[in-house]
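Please read the structure below before turning to the comments.
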């Protein structure tokens, strides 16, 4: 976080799908388009973007990760029936004034501004949330508690005032009546934090979705996990009673061959274990072995 009141800072290319941000509403604010519902309850702001990369370090670029997080949350909130909007859904430059005005004019009741932190010291770590000096901090603490519950260390929930006693950060100061919480998911300047963010950013994004739903008492359902197709175990074929192999030195091996279909009897109740095998029978046996091998590989 910089000291200018412009939040945001953490190198990778964004990988989130951009195709699921189809909207019901496009409202023009200057040269920028607000993406989402016409009367959103919540507006999500992916920090930085375009010419402003934000923070960077340990394989993270802030503007890319905040966009990934925000797009994920946008789609999840829509799935859950929460009216939601975005300040950007691509790598677009947004100046602070235009960004804050988009939030203000959105008509949303709540705002979440997503960021990745950075610090001169590599020991600074953990998630933090920042709320307006005029707010009670309940929403900020609800979101932070949820992120911490998902495995990210807690740093703090706090507010910061400027010299005149107003809000220090423009996302609080210039966004009107929108109750905005700035979420700093962790420090890209810390190796451990950065690894957690790269591996679990979606988990933390979902934690904010869950925490927000809990805060506004909106019904929440976890995302449906993709399930791998179940593997089927081949069922052994029933083996009829074969009289002429009982007590034979190869009885168990013959039974296994019959159960798998590798060999068949010479009659309904006979195997003729001591008869020689012909070349034709050997060819059929080898063919069945290859088929069984393919079936075994397909089942693993």
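Centre-to-centre separation between the Cα atoms of the stretch 98-148 and those of the stretch 195-215: 13 Å. The fewest-to-most ranking of 218, 48 by surrounding Cβ atoms within 10 Å reads 218, 48.
Put in line by how crowded their Cβ is, counting other Cβ atoms within 10 Å and starting with the fewest, 145, 37 read 145, 37. Computed from the Cβ-Cβ distance with R0 of 22 Å, the FRET efficiency linking residue 270 to residue 250 stands at 0.90. How large is the direction-averaged shadow of the alpha-carbon convex hull of the stretch 25-215, in nm²? Directional mean of the projected Cα hull area for the stretch 25-215 stands at 10.0 nm². Computed over the stretch 148-211, the P(r) tail beyond 13 angstrom holds 69 percent of alpha carbon pairs. Short to long, the 10 Å bins of the Cα pair-distance histogram for the stretch 243-298 hold 21, 51, 25, 3 percent of all pairs.
Every number here is computed from the coordinates shown, using simple stated rules; none is lab data. Values in this document were obtained by computation on a predicted structure and should not be read as measured data. Methodologically, a virtual Cβ is constructed for each residue, glycine included, from the backbone with ideal geometry; neighbour enumeration extends over all protein chains shown.
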